[in-house]
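Presented below is the structure to which this report refers.
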Amino acid sequence: MNRRLKKLAFVVGAATASVALAAGTAVADPINATNWDVTPSPTTFSAASTNTVLEVNGIPLTCPIARASGNLFDATGNPGHVGDITAASFGDAANPCTSPLGPVTPTTNTAPPWELWAETYDSATGVTTGFINNVKAHLTVLTCDFDVTGEVAVTYTNSSGTLGVSNNATRQLTVSNATAGCAGFIANGDHPTFTGAYGVVAPAGGTTAPTIVGT
């Protein structure tokens, strides 16, 4: 009997420990926040990426350097408007954008600014998800010229100051004004994918990553 009681006590104790461990390591679900605290706020910011790719119909247009700058600020609402991108560039003379078809020349239009919006916040990971809208750019590839406009999905990670850019079914870019030189590989209505990871610092030209916290 004593041995049976000891065995039962061990099983109950192990189960209790397992429950406690599970509770202690539970991961919070992202919340649809309505109050957004940006630190510092308001502030200017600058961002740079070494791995941006716009892919259209399987053709990658790759830029070894991309930069952006603008302003960040507190916001309320869901989504919450937490920033404006007032300048953006892709490639430069020393690091031009390329593709399998030849050189790529992107020109951005940030008037009005591209807007950064926050939607959900995960307190366990410090990650905000949202989107950038008002994206406008003109691209030239050999004899092909076309515009890209629309939205991209983003995540922002406080711990690393990384703004990740991608596409999803809701946030899309669309090709328009494609010239005759684009025939056969890029057409109006195509939805290119855009991916990249930007390191963000605030104020602009500084060394510290800003934080975005939603409640």
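Screening residue 158 on (1) open to solvent by less than 50 Å² (accessible area, probe 1.4 Å); (2) modelled with pLDDT under 95; (3) farther than 19 Å from residue 108 by Cα shows it passes everything except condition (2).
Checking each residue in the range 103-137 for being among the aliphatic types (A, V, I, L, M), assigned to a strand (DSSP E or B) and touching a residue at least 60 places away in the same chain (Cβ under 8 Å) picks out 118, 127. Filter the range 83-99 for residues that are open to solvent by 60 Å² or more (accessible area, probe 1.4 Å) and either under 19 Å from residue 114 (Cα atoms) or among the hydroxyl-bearing types (Ser, Thr, Tyr) (or both) and give the result. 86, 98 - these are the residues of the range 83-99 that are open to solvent by 60 Å² or more (accessible area, probe 1.4 Å) and either under 19 Å from residue 114 (Cα atoms) or among the hydroxyl-bearing types (Ser, Thr, Tyr) (or both). Whether any residue in the range 171-182 is in a strand (DSSP E or B), surrounded by fewer than 20 Cβ atoms within 10 Å (Cβ to Cβ) and more than 15 Å from the chain's Cα centre (by Cα) is what I want to check. Yes, that holds for at least one residue. Looking across the range 111-137, the residues that are within 21 Å of residue 191 (Cα to Cα) and either modelled with pLDDT under 95 or of a type in the set (D, E, K, R) (or both) come down to 115, 136.
A search for C-beta distances below 7 Å between a residue of the range 138-154 that is touching a residue at least 60 places away in the same chain (Cβ under 8 Å) and any residue that is among the aliphatic types (A, V, I, L, M) and not in a strand (DSSP E or B), counting only pairs 6+ apart in sequence or on different chains, returns 141/101.
The values are calculated or read from the model by the stated rules, or taken from the named source; none is laboratory data. Keep in mind that what you see is a predicted model, and the values were worked out from it rather than measured. Reconstructed Cβ throughout: ideal geometry from the backbone, glycine too, with neighbour counts over all protein chains shown. When the accessible area is computed, the model is the full protein with side chains, heavy atoms only, and any ligands, DNA or RNA have been set aside. Shrake-Rupley method; radii C 1.70, N 1.55, O 1.52, S 1.80 Å.
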